[in-house]
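To keep things clear, I will list the structure first and then write my remarks on it.
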Amino acid sequence: MIEAKLKENNEGVLAQNNQMPVDKKAKSSNPSKVYWKVFKTSPLGISGLVILVLIIFAAIAAPILAPYDPLTQNITQRVQGISAEHWLGTDAYGRDILSRIIFGAQTSLTVGLLSVLASGVIGTAIGIFAGYKGGKFDEILMRIIESIMSIPMLLLGLMLLVALGSNMTTLVTALSIGLVPSCARIARGPALEIKESEYVKAAIASGASSFRIMVVHILPNIMGSLLVVVTLNMASAIRIEASLSFLGIGIQPPTPTWGNMIKDSLSYLTTAPSLAIFPGLALMITVIAFNLIGDTIRDASDPYIIRKRG
Amino acid sequence: MVLDVKNLSVGLGTKDNQKLILNQVNFSVKRGETVAIVGESGCGKSMTALTVMGLLPEPVVSLVSGEILLQGKNLTNLSQKEMNKVRGKDVAMIFQEPMTTLNPSFTIGNQLGEIFKIHSNLNSEEIRKKCIEMLTKVKIPDPEAKLKVYPHQLSGGMRQRVVIAMALACNPKVIIADEPTTALDVTIQAQILDLLVELQTQFNTTVILITHDLGVVAETCQRAIVMYAGQVVEEGSVEELFEHPQHPYTKGLMDSIPRLGDARGKLHVIKGSVPDMDAMPQGCRFNPRCEVATDICRKEAPELEITSDGRRVRCWHKL
Amino acid sequence: MFQYTVRRIIFTVPTVILTVSIIFFVLRVLPGNPAVLILGDSASAEQIANLQAKLGTDLPIWEQYIHYAVNIIQGDFGNSLTTGRPVTEQLLSLIPHTLELALAAVFIGALIGIPVGIITAVKRNTFIDGFFRLGALIGISMPAFFLGLLLLIAFSLKIPLFPSLGAGKGIVENLHHLVLPAFSLGLINAALVMRITRASMLEEVNRDYVRAARAKGLPKSKVVGKHILRNTLIPVITVIGLDITTLISGAVLTETVFSRPGLGSLAVGAIKTRDYPTLQACLILFAILIIFVNLLVDLSYSVINPKIRAK
């Protein structure tokens with residue numbers, strides 16, 4: 001009877017293994033293979049990647065791709081519609097919109113990338129540290145994180161840009177601070193959990209330093225969820241940057257950004273709505289690409305979904 | 001016969017790539033009887049229960065062929081709407097995990113009363129009385145107060161009593177109990193089984209007990225059906241099966257029961273494990289694990305033969 | 001339950017203090033001398049000294065902080081630098097506008113998001129599911145101001161169904177003015193609510209209690225409508241609540257797009273005119289509002305989820 005029970009248990013585990021042999025194996029050997037596998041089967045994920053690659057390409061190759069200089073004004077060609085010379089028309093100063101959109105990608109991606117990287121490193125460090133150390137330390141850090149979270153990123157940006165002046169450094173700093181909580185929270189949970197696990201206890205017993213445990217044991221365990229958060233953060237960073245520029249407090253003209261292009265178009269909404277629509281679409285498509293990728297990675301790392309697929 | 005299951009086949013997967021997880025399952029159950037369905041996990045016993053209840057996780061798993069006759073009425077022909085009137089009223093089910101079978105967000109009274117609400121015309125006050133009556137029957141102390149309680153406020157044993165009360169609520173003709181005590185502590189297990197037997201005699205209900213625990217079978221059932229790899233391999237009265245198992249698999253199961261005073265020898269183990277769905281052995285499905293298997297076992301699948309009254313075996317070399 | 005409530009309320013106090021302090025230090029300490037910033041470099045020493053006295057920034061920082069804290073507790077946010085009127089008065093007159101917009105957006109979000117989320121979960125992997133999921137993806141990717149602009153261009157400038165700016169006088173006109181801003185914010189909200197409802201529901205569908213409820217003879221519709229729904233909505237409510245952050249940012253942008261009076265446009269205006277006391281007051285109000293809503297969400301969560309209630 002006991003044998004039968006044991007068998008039952010063992011077979012339960014075996015049956016589960018059989019259901020998803022590929023996922024399991026790939027997961028233990030190389031997580032990027034799992035992601036690739038999910039991307040391959042997800043048309044939406046693939047389209048996100050393709051869009052993103054195109055946008056990155058456009059940003060890097062902007063000086064070659066853009067038909068005109070984004071800053072050159074041409075008073076004789078103000079607010080012109082779509083034409084053979086100006087594919088997407090011109091703005092109030094006669095600047096080529098397509099060129100400005102292409103150069104705008106540079107700004108958006110740079111701001112997004114810098115703030116996401118900074119917040120990812122800082123947030124993860126704080127989260128792991130808080131979760132691993134626990135106690136008072138954790139309590140205090142989490143209160144601070146909570147306070148930051150109760151100031152919307154847009155307002156945090158407004159506040160810092162007003163206090164320190166509108167420039168790229170302040171903008172990236174503000175966005176980084178705003179994004180830190182999301183990374184810290186995602187890192188803290190697993191850190192708390194893994195700290196209690198037998199293998200970490202064994203590592204401590206064998207004299208591993210705290211730093212080593214945090215980097216070797218805890219960090220790899222949160223990489224999956226961190227990747228999701230970072231990708232989705234990229235989407236928010238780009239959106240907020242555009243919003244701040246739209247409010248006239250972000251990147252200042254004449255540097256083209258999608259946000260300040262839309263802001264400049266406000267006086268021409270009735271006569272030339274395309275001035276607002278084209279940069280808006282560029283912004284939206286970029287954010288969609290990041291959201292698509294983030295969603296796909298989440299599906300790949302969510303054990304629940306893997307189980308369903310098996 | 002209360003329940004007559006005829007040639008039941010159930011497939012996993014889509015039509016063009018279907019694997020049978022139940023293959024021509026036949027059995028019938030008399031009124032007032034307690035019948036066990038025994039087997040290792042993955043043998044199809046739970047799937048049989050879900051098929052009878054019409055609760056297969058479609059479209060992943062679906063009925064391929066066969067009939068389920070409940071007092072002569074074929075359940076497989078019923079629409080979902082008609083089946084809803086049968087479920088809970090004529091056939092009820094007790095699940096394995098009392099922790100998760102109750103909805104955490106509703107009170108006991110709500111979840112128990114629900115059954116009367118759909119299967120009877122009682123008003124809310126009568127339903128309340130009925131609920132208290134049912135909770136009293138399953139020996140839950142202070143039933144009136146328990147109506148307002150949420151599942152997580154009860155112990156596992158108490159929750160399983162609630163689940164039993166739900167199954168018995170409409171005095172169904174057949175109750176299918178799927179491993180009703182597996183998730184419980186040993187002392188609670190005995191209490192729940194006693195309760196089940198007591199209520200079964202009191203209500204004169206038919207119980208199909210699905211279990212892998214032969215001890216439970218010996219204590220509670222009159223008859224047992226042994227399943228292996230989606231097929232019935234042996235059927236008979238509990239005494240016959242325990243004293244003279246005819247199928248090597250049944251014998252293996254019996255031998256692996258630890259017995260008091262037999263401390264010297266090691267427990268018997270059936271070597272190997274249940275075959276994978278994708279790699280069903282040719283011939284008799286048990287042959288790779290069988291100690292008496294011969295060439296014929298590896299080539300041809302044996303039929304389920306009636307050996308004596310109420311006794312059936314699927315084996316070339318009956319013991 | 002009572003204990004939990006009290007404990008939860010006490011826990012918000014340090015968060016409020018910390019948040020208010022952060023806002024204070026960022027706006028008062030970081031810029032160096034706010035008076036110089038407001039008046040510009042060309043201002044004379046006398047002008048700067050006058051403004052410093054008016055702002056109270058000539059005092060030591062800790063003294064400023066205490067003044068500031070005491071005043072806030074009394075509901076005094078100082079006087080606006082542009083209008084000279086008490087900021088509190090201005091805030092109170094604008095709160096209804098923003099509140100109206102936010103509530104309408106939450107309402108639209110829940111009214112569209114929850115049913116669509118349920119439908120897509122029930123009809124998983126069908127055309128309907130794909131269609132709405134794509135819509136939701138666009139919704140969560142859409143910056144609030146861009147959707148606002150699109151609606152404005154389409155339904156106010158091209159097809160003049162709705163007014164393009166202001167808040168209107170009287171109930172009818174007021175509601176007429178509310179439609180476009182509320183939808184531009186509400187649709188984005190709906191996308192978020194839909195996604196979370198769908199995910200939450202798909203998780204609940206596979207739970208044991210669902211099969212058990214079916215075994216009792218409950219029709220599928222009843223199992224979905226009663227058993228699954230209650231458990232699905234628990235995380236949804238959290239999201240609607242947490243979404244207050246998105247909602248406030250959205251309100252700031254939407255009010256700007258539609259030139260609608262409210263706290264958001266007040267804050268944006270205050271930035272342009274360097275009206276520090278007003279900006280500070282707006283930020284504090286938003287932050288406290290968010291903390292307060294989070295508290296409410298936590299408490300309502302404990303009412304819905306009996307497991308927490310027991311603790």
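Some observations on this one:
- Some residue of segment C:171-178 being touching a Ser or Thr at 6+ places or on another chain (Cβ under 8 Å), in contact (Cβ under 8 Å) with a residue 60 or more places away in the chain and either surrounded by 15 or more Cβ atoms within 10 Å (Cβ to Cβ) or not assigned by TED's automatic domain parsing to the domain that holds C:Thr246 (or both): no
- Sole residue being assigned to a helix (DSSP H, G or I), closer than 30 Å to C:Glu204 by Cβ, within 9 Å of another protein chain (Cβ to nearest Cβ) and among the hydrophobic types (A, V, I, L, M, F, W, C), chosen from C:Ile271, C:Ile234: C:Ile234
- Yes/no for C:Ile138 being facing chain A (nearest Cβ under 9 Å), within 19 Å of A:Asp295 (Cα to Cα) and part of a helix (DSSP H, G or I): yes
- Summed over segment C:3-47, the residues that are within 21 Å of C:Phe77 (Cα to Cα) and modelled with pLDDT of 75 or more give a count of 16.
- Of the criteria (1) surrounded by fewer than 19 Cβ atoms within 10 Å (Cβ to Cβ); (2) in a helix (DSSP H, G or I), which one A:Tyr93 fails: (2)
- Selection of segment B:92-135 for residues being under 19 Å from C:Tyr209 (Cβ atoms) and among the acidic types (Asp, Glu) yields B:Glu97, B:Glu114.
- Residues (within 14 Å of chain A (Cβ to nearest Cβ) and either assigned to a strand (DSSP E or B) or among the hydrophobic types (A, V, I, L, M, F, W, C) (or both)) located in segment B:10-53: B:Leu12, B:Lys19, B:Ile21, B:Ala36, B:Val38, B:Cys43, B:Met47
- Among the residues of segment C:97-107, not a single one is in contact with a strand residue (DSSP E or B) (Cβ under 9 Å, 6 or more places away or on another chain), among the β-branched types (Val, Ile, Thr) and buried (at least 19 other Cβ atoms within 10 Å of the Cβ).
- Scanning segment A:264-290 for residues that are among the aliphatic types (A, V, I, L, M) and more than 9 Å from every other protein chain (Cβ to nearest Cβ) returns A:Ala272, A:Leu275, A:Ala282.
- Qualifying residue in segment C:204-227 (condition: more than 12 Å from chain B (Cβ to nearest Cβ) and touching a Gly at 6+ places or on another chain (Cβ under 8 Å)): no
- Members of segment C:188-200 that are surrounded by fewer than 24 Cβ atoms within 10 Å (Cβ to Cβ) and either of a type in the set (Ser, Thr, Tyr) or closer than 16 Å to C:Ser156 by Cβ (or both): C:Ser200
- As a summary of the residue check, B:Asp90 satisfies the conditions (1) surrounded by 23 or more Cβ atoms within 10 Å (Cβ to Cβ); (2) touching a Cys at 6+ places or on another chain (Cβ under 9 Å) except for the one numbered (1).
- Among residues that are under 12 Å from C:Val257 (Cα atoms) and surrounded by fewer than 23 Cβ atoms within 10 Å (Cβ to Cβ), C:Ile153 is included.
- Any hit, segment B:54-73, residues being part of a strand (DSSP E or B), modelled with pLDDT of 90 or more, within 16 Å of B:Ser237 (Cα to Cα) and within 16 Å of the chain's Cα centre (by Cα): no
Here's the yes/no breakdown for (1) out of contact with any Asp or Glu (no Cβ under 9 Å at 6 or more places or on another chain); (2) at positive phi; (3) not small (Gly, Ala, Ser):
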position	(1), (2), (3)
A:Lys195	yes, no, yes
A:Ile204	yes, no, yes
A:Phe211	yes, no, yes
A:Val215	yes, no, yes
A:Ile218	yes, no, yes
A:Met234	yes, no, yes
A:Ser245	yes, no, no
A:Gly248	yes, yes, no
A:Pro253	no, no, yes
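- Restricting segment C:121-132 to residues that are surrounded by fewer than 21 Cβ atoms within 10 Å (Cβ to Cβ) and not aromatic (Phe, Trp, Tyr), the residue that is nearest to A:Phe290 (Cα to Cα): C:Gly130
Each row is one residue, and each column tells you yes or no for (1) surrounded by fewer than 23 Cβ atoms within 10 Å (Cβ to Cβ); (2) modelled with pLDDT of 85 or more; (3) of a type outside the set (Lys, Arg).
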{"residue": "C:Ile234", "(1), (2), (3)": "yes, no, yes"}
{"residue": "C:Ile237", "(1), (2), (3)": "yes, no, yes"}
{"residue": "C:Thr245", "(1), (2), (3)": "yes, no, yes"}
{"residue": "C:Ile248", "(1), (2), (3)": "no, yes, yes"}
{"residue": "C:Leu253", "(1), (2), (3)": "no, yes, yes"}
{"residue": "C:Thr256", "(1), (2), (3)": "no, yes, yes"}
{"residue": "C:Ser259", "(1), (2), (3)": "yes, yes, yes"}
{"residue": "C:Leu266", "(1), (2), (3)": "no, yes, yes"}
{"residue": "C:Ala270", "(1), (2), (3)": "no, yes, yes"}
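- Residues satisfying the stated conditions in segment B:87-136, i.e. more than 8 Å from chain C (Cβ to nearest Cβ), of a type in the set (Gly, Ala, Ser) and touching a residue at least 12 places away in the same chain (Cβ under 8 Å): B:Gly109, B:Gly113, B:Ser120
The values are calculated or read from the model by the stated rules, or taken from the named source; none is laboratory data. Note that the structure is a prediction, hence the values are computed from the model and not measured. FYI the Cβ positions are ideal-geometry reconstructions off the backbone, even for glycines, and counts take in every protein chain you see.
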